[in-house]
1. Could you do me a favour and compute the accessible area per residue for the chain, 1.4 Å probe, result in Å²?
2. If amide H atoms are built 1.01 Å from N in the plane of the peptide, which residues on other chains or at least 5 residues away come under 5 Å of the amide H of Arg276?
3. How many nm is it between the label spots at Met1 and Gln242, if each spot is 7 Å from the Cα in line with the beta carbon?
4. Just the number, please: carbon plus sulfur as a percent of the accessible area of segment 121-242, 1.4 Å probe, no ligands or DNA/RNA counted.
5. Given the -39500 (n - 2.57) contribution per DSSP H run of 4+ residues, what per-residue ellipticity at 222 nm results for the chain, rounded to the nearest 500 deg cm²/dmol?
6. Starting from the Cα-Cα distance between Phe152 and Ala224, subtract it from 0.36 nm times their residue separation and give me the gain in nm to one decimal.
7. Grab the beta carbon distance between Arg57 and Arg289, set R0 = 22 Å, and tell me the FRET efficiency rounded to 0.05.
8. Antiparallel versus total DSSP beta bridges in the chain: what percent is that, nearest 5?
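The values are calculated or read from the model by the stated rules, or taken from the named source; none is laboratory data. Everything numeric in this text was worked out from a predicted model, so none of it was measured. Ideal geometry is used to build each Cβ from the backbone, glycine not excepted, and the neighbour counts take in all protein chains shown. The protein model used for the area step is the full one, side chains on, heavy atoms only, and it has no ligands, DNA or RNA in it. Shrake-Rupley method; radii C 1.70, N 1.55, O 1.52, S 1.80 Å.
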Amino acid sequence: MLARMQRALTIGALLLAGLWFFVLWPAGRPGWAVAGVVLVLLGHAIVLGVEFMFMGRVNRDDPAPPSSAHQRFAAWWGEARSAPRVFCWRQPFCSQRWPDFLPAVVTAGQSPVRGIVLVHGFVCNRGLWNSWMPRLRAQGIPHVAVNLEPVFGSIDDYLPIIDAAVRRVEQATGMPPLIVAHSMGGLAVRRWWAGLADDDLVHHVVTLGTPHRGTWLGRWALSANTLQMRLGSCWQAQLEEQEKQSHRAKFTCFYSHCDNIVFPASTATLPGADNRHLAGVAHVQMVDRPQPFEESLRLLSTR
């Protein structure tokens with residue numbers, strides 16, 4: 001569903017830009033023709049700029065390390081380039097390019113290889129992980145990347161999807177998997193794990209820019225899942241009551257003082273977890289940074 005929606009939006013934007021240009025340029029309005037094309041194709045950079053402006057102001061009182069103006073500008077520029085690559089190419093057109101990789105079930109005499117479950121965030125799909133999946137496959141690491149739907153439903157709707165993916169990987173490898181989750185996906189994983197009787201079904205959880213305690217941008221939430229991501233929402237309070245505090249030791253949380261979606265920055269951390277700061281990195285950029293991938297590989301080999 002999301003891939004079709006983003007495909008339609010991408011094609012529609014390109015058609016609108018082309019129509020605008022070829023109508024106004026022959027009409028003797030070259031300035032308006034170019035300005036319209038720039039606005040359609042680069043309008044997302046303006047929106048990102050507003051997000052970074054709010055983020056910079058809100059983070060002033062946050063205990064996370066402060067970001068410099070240069071770091072914020074570099075993060076904005078990087079996100080302005082990353083966002084179209086993810087939302088206009090990977091997800092709408094290439095989400096099935098790399099299928100799940102589950103080698104045959106481990107048999108006697110074989111050395112087992114622990115697997116990974118990849119969980120995306122809000123308005124994303126499995127195409128978000130297109131930079132991870134070929135590298136995991138090249139190293140022979142079993143993995144499953146989920147699609148969380150309905151796109152604008154409750155986070156609770158995603159629990160059966162995560163459960164099925166985890167059990168597929170566990171069945172194929174004979175070991176509990178590592179779970180790597182971006183943004184809202186980390187909350188979905190926490191909610192799923194909180195309802196399990198078997199704690200040993202999870203090896204470790206790595207989150208990237210997850211609003212563990214909500215986000216300031218949630219004040220403009222409209223959908224069920226974004227309402228649950230408001231700062232201090234009732235849903236988050238219920239989750240903290242349900243989950244075991246012992247789970248926190250199995251979390252590694254990557255966060256950034258330049259995260260333009262999840263801020264204040266420290267809301268992407270969990271007390272008791274291994275919280276890792278990524279300096280000067282924006283929200284979507286985190287997925288392609290080397291540190292989360294390298295740490296995930298390291299965690300695969302731990303007991």
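1. Heavy-atom accessible area per residue stands at 46 Å².
2. Cys253, Phe254, Tyr255
3. The two pseudo-label positions are separated by 2.0 nm.
4. It is 53 percent, rounded to a whole number.
5. -13500 deg cm²/dmol
6. Gain in length upon complete extension: 25.3 nm.
7. 0.35
8. Counting DSSP beta bridges with both partners in the chain, the antiparallel share is about 5 percent.
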